[in-house]
Amino acid sequence: MKTIATKIFIAVFVMCLASAPVVHGKGDDFNSVVKMIEEFYNVKHVGIPFLAKAGMKVATTAARIKGGTARRLAEAGSIKLAVFEDQKFNGDFAKFRSSLNQALHATWMPLIQTLSAAGEEQTYIFLRDAGDKTNVLVVTIDERDATVVQVTLSQKNLALLLKDPEGTGKAITEEATLIDQE
Amino acid sequence: MKSTFNTSLITLLLIVAPALVAKAQDTRIQMSSLDHLAAKASQTVDVNVDERLMKLAARLFSDKDEDEREVKKLIEGLKGIYVKSFEFETEGQFGAADLEPIRAQLRGAGWTRMVNVVSKKEGNVEVYLQFAGEMINGLAVLHTDDKELTVVNIVGPVNLDKLAELEGQMGIPDLGIESPKPKKKTNEQ
């Protein structure tokens with residue numbers, strides 16, 4: 001009798017464990033998303049050092065990130081940025097969205113997702129708890145360009161993001177990729 | 001024997017607990033049936049502020065700042081805000097069949113359509129509250145226009161005054177809800 005009850009308990013316990021969400025390592029998600037975009041759309045991102053060397057328009061991003069305007073929102077030194085420039089982003093956006101959500105759902109919370117004109121413009125904002133701060137991952141994709149930004153926000157700036165998710169999300173991307181007009 | 005009883009009790013709890021959790025989340029409207037409309041829409045917005053984020057937000061908004069204090073007061077006790085919104089270039093991109101899965105949920109137990117709600121927004125705005133006795137457990141708004149469809153679902157203790165104040169915050173669109181009169185009518189389609 002005892003054996004049967006124990007077996008049932010173990011079986012139920014194992015089932016519960018099996019149905020629990022798998023927690024992935026925190027460090028790799030930014031790179032995974034960049035790689036996912038590369039594979040899904042068959043494109044290549046350009047790193048900041050390369051941009052700086054090539055003197056491309058986003059080159060000033062690096063300077064901005066290290067100590068410029070982006071710090072208004074992000075914590076110093078917390079920004080990860082990948083830029084895809086002037087490439088074709090053709091593909092089933094619904095499928096991409098589904099893959100992205102699937103890949104991140106275990107550790108990131110989707111806050112807001114906007115799609116426009118049959119996927120020509122896509123914006124995804126995910127949040128992840130990082131102790132007394134919060135990681136924010138913003139993915140924007142349009143017909144020719146895409147950006148993946150991960151920043152760490154202080155509580156004050158997270159409050160701004162939660163109050164106006166769309167506006168603050170755009171501000172994070174714009175500040176991280178700001179073209180120097182001066 | 002006692003050990004067998006304890007084991008059986010734990011087993012029972014493990015089986016029953018998920019059902020109890022599901023029951024507590026009944027005011028959450030499942031909106032994934034609308035996802036296929038994204039392919040036809042010129043603009044799709046999907047907002048998910050779940051209980052974890054609501055708690056976080058309530059903690060983050062400052063009591064010192066007047067604006068933040070107001071928002072904090074509004075969201076206290078809420079368990080989630082979910083919004084799905086579609087804009088279309090042309091008319092006729094969605095119909096009653098698309099909305100039926102949402103309406104079917106709103107015909108469920110506890111949901112009551114508020115018939116005296118006025119909105120400044122064009123089109124048809126339907127507001128539903130879920131009552132548990134005198135307590136409000138959740139709110140749903142269904143806004144349809146020729147080229148627009150929006151579903152807002154707020155989980156937790158909320159009223160229409162609160163909704164009007166939350167418009168434009170936390171991803172909730174401007175629905176133009178005006179202060180309601182204190183009348184309600186049982187759900188009918």
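Take the Cβ atoms of B:N116 and A:D145, set R0 to 51 Å, and the FRET efficiency comes out at 0.55.
Using alpha carbons only, what's the Rg to Rh ratio of region B:40-85 with Rh from Kirkwood?
1.13
Straight-line cross-link reach from B:K55 at under 14 Å between alpha-carbon atoms covers these aspartates and glutamates, not counting any fewer than eight positions away in the same chain: A:D129, A:D132, B:E76.
Would region A:131-170 count as rounded, prolate or oblate if I go by the C-alpha gyration tensor, calling it rounded below 1.5 in a/c and otherwise prolate when a/b exceeds b/c, oblate otherwise? Cα axes put region A:131-170 in the oblate bin. With neighbour counts taken as other beta-carbon atoms within 10 Å, the residues B:L56, A:L127 rank, fewest first, as B:L56, A:L127. Classified by the C-alpha gyration tensor, region B:38-167 has a prolate form. Its axis ratio a/c, with a ≥ b ≥ c, is 1.5 or above, and a/b is larger than b/c.
Throughout, read-outs are computed from the coordinates displayed, never taken from laboratory work. Being a predicted model, the structure only gives us computed values, none of them experimental. Don't worry about glycine lacking a Cβ; one is built from the backbone with ideal geometry, like all the others, and counts go over all protein chains shown.
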